[in-house]
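> So that we are looking at the same thing, I have put the structure below in structure tokens.
The values are calculated or read from the model by the stated rules, or taken from the named source; none is laboratory data. Everything numeric in this text was worked out from a predicted model, so none of it was measured. Because the Cβ atoms are built from the backbone with ideal geometry, glycine has one as well, and the counts that use them run over all protein chains shown. Ligands, DNA and RNA are stripped out before the accessible areas are found, and what is left, the full protein with its side chains, is counted by its heavy atoms. Shrake-Rupley method; radii C 1.70, N 1.55, O 1.52, S 1.80 Å.
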Amino acid sequence: MNENLNHRKSDILRELNSIIAVVARDITVFFKSPSMLIVTLIMPLFMMGMIGGNMMGIVGGANLGEFMLVGMLVTMLFMVTILGMTSLVDDHETDFTQEMLVSPISRYSLVIGKILGSTFVAIVSMIGTLIVGLIMNIYLPLDQLLLILALSPLICFAAGAMSMILMGLIKNPKTANFAMMIIIMPQIFLSGAIIPINESNMILLSLSRIMPMTYCIDLVRGVTGVETPIFDPIINFAAILLLTVICLMIGTFFFCKI
């Protein structure tokens, strides 16, 4: 009895140590990669400064500014997490992933550690978006920012789980980066991140409903009170959890078959 209990504790500690090792590695790589720091400033500057700035000039109003800022914060969480997950393909070439997979740890420990590491990087990336927002005289109260911060792990896990499906099917790093941008860009414009989708036609409306980022953005805007949500927060939360679990299981299965 005691021997079995000690064995279980040992297994749990081994899994936790593996997760921590993967997270620490990702954080170290991030701070040694200035290109990622640049992306976290250029992307919100382009989306909010150019596209959003023109919309504000046409439509006007502070509400549009808050609408756009919340959408961009969620977009950065989603985008940076997905881009961070592409390094799993790079790790195959350095045999880091293969060494982790053949070691006596759960395949989910590697994936969860990778998502957590990407989550940290994604949360840091929000700073760049907030800076751009302040330059444009757009800001959110502290309580709303704390709510977004509290929801950020859920958003990042949804993004990481979705990207795992492609990571399980793609072996080439260049192809992986291109594929990630293909799934990111449509979501930015069809999920309501920058442009409202309430008046979308049937085709665009249908596409937006199958995109995880739609529910993430709608949930954040609903709980922060920036905009009346399309769906009830409980429905959004349930949809995000369901899509995350399904994508994580399917993606991890294919990834470990590579």
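> Which percent of the accessible heavy-atom area of the stretch 161-258 goes to carbon and sulfur, probe 1.4 angstrom?
74 percent
> Related question: Projected onto the charge dipole of the stretch 104-221 (+1 at Lys/Arg Cβ, -1 at Asp/Glu Cβ, origin at the Cα centre), which of Gly192, Leu146, Asn172 gives the Cα projection farthest towards the positive end?
Asn172
> According to a simple spin-label model (label point 7 Å from Cα along Cα-to-Cβ), what is the distance in nm between Asp232 and Arg209?
Label at Arg209, label at Asp232, 1.7 nm between them.
> Still on this structure: Could you state how much accessible area Ile165 has, in square angstrom rounded to the nearest 10, with a 1.4 Å probe and all protein chains kept in place?
The accessible area of Ile165 comes to roughly 50 Å².
> For the stretch 135-186, what does the accessible surface come to per residue with a 1.4 Å probe? Please give it in Å².
Per residue, the stretch 135-186 has an accessible area of 51 Å².
> OK, next. Extension gain Asn17-Ile135, at 0.36 nm per residue separation less the Cα-Cα distance, in nm?
38.3 nm
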